[in-house]
Amino acid sequence: MKKYSDMELEKLNSQLRGVAPSEIIQWVLASSTNPVVTTNFRPYEAAILHACTLVDKSMKIIWCDTGYNTLPTYKHAQFLVDHLGLKIKLYTPKETAAYRDAFFKGIPRVDSPDHKEFTRQVKLEPFQRAMAEQNPDVWFTNLRKGQTNLRDSIDILSYSKDGLLKVSPFYHWSDEKLDEYLREHKLPNEFKYFDPTKVLDNRECGLHA
């Protein structure tokens, strides 16, 4: 995949604004040899999963499951796996929940000195292992403007801290517009999602920071 300069990236993001997500995905895939989508099946994830697999049914889906998802989220995930025929690559923490309960005495508070190590175990290590094993040249995400301060500073196309091209086709879409997309394609949404590393919706968990 070509490495874009800051000037090229800015120009491309300007050109892509307003372009349909499916067209953005098609354009990116024309130059990609090993794309992946990452998901945690949080709210509105069905949109990016549907859009990507509609263009490429065989696209790999990386799911880093912390092990702390709610029952509705697991049911939602299984429905989408079956309904969309997702090619899931599942990654879980190396440590068991029982180990962490003994070691941390439950989920550490955000202001606890243990929270950083907890986040590394349940979120960062599985993600880094997934990316190392799958070795993608493009990373599709459902990051959107307005979610966090960091996400407000990127765009449809951006680069990860490791230099991997991240593509967020729905970056400029509002919740209302995504609601319409899900209704149009008869896709469910899931709001009973829980991320033990973030707690607050406007916090970054470390994958994108």
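The values are calculated or read from the model by the stated rules, or taken from the named source; none is laboratory data. None of these values were measured; they are calculated from a predicted model. A quick note on method: Cβ atoms are made from the backbone with ideal geometry, for glycine too, and the neighbour counts reach across all protein chains shown. Surface areas here come from the heavy atoms of the whole protein model, side chains and all, with no ligands, DNA or RNA. Shrake-Rupley method; radii C 1.70, N 1.55, O 1.52, S 1.80 Å.
Quick look at the values:
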quantity	calculated
Helix-derived mean residue ellipticity, 222 nm - over the chain, DSSP H n ≥ 4, -39500 (n - 2.57), to 500	-11000 deg cm²/dmol
Amide N proximity, segment 49-86 versus F103 label position 7 Å along Cα-to-Cβ, cut-off under 20 Å	64-69
Spin-label pair E180/L12, simplified geometry with 7 Å Cα→Cβ offset, distance in nm	2.8 nm
D (Stokes-Einstein, µm²/s), Kirkwood Cα radius, the chain, 0.692 mPa s at 37 °C	184 µm²/s
Nearest-10 value in Å² for the accessible area of D6, using the 1.4 Å probe	130 Å²
Residue-by-residue Karplus 3J(HN,Hα) for segment 35-41, coefficients 6.51, -1.76, 1.60, Hz, glycine and proline x	x, 9, 10, 9, 8, 10, 6
Per-residue ³J(HN,Hα) for segment 179-184, Karplus 6.51 cos²θ - 1.76 cosθ + 1.60, θ = phi - 60°, Hz, x for Gly and Pro	4, 5, 4, 5, 5, 4
Distance between segment 6-22 and segment 28-72 - C-alpha centres, whole angstrom	21 Å
Cα-projected label distance for I88 with S22, points at 7 Å along beta-carbon direction, nm	2.6 nm
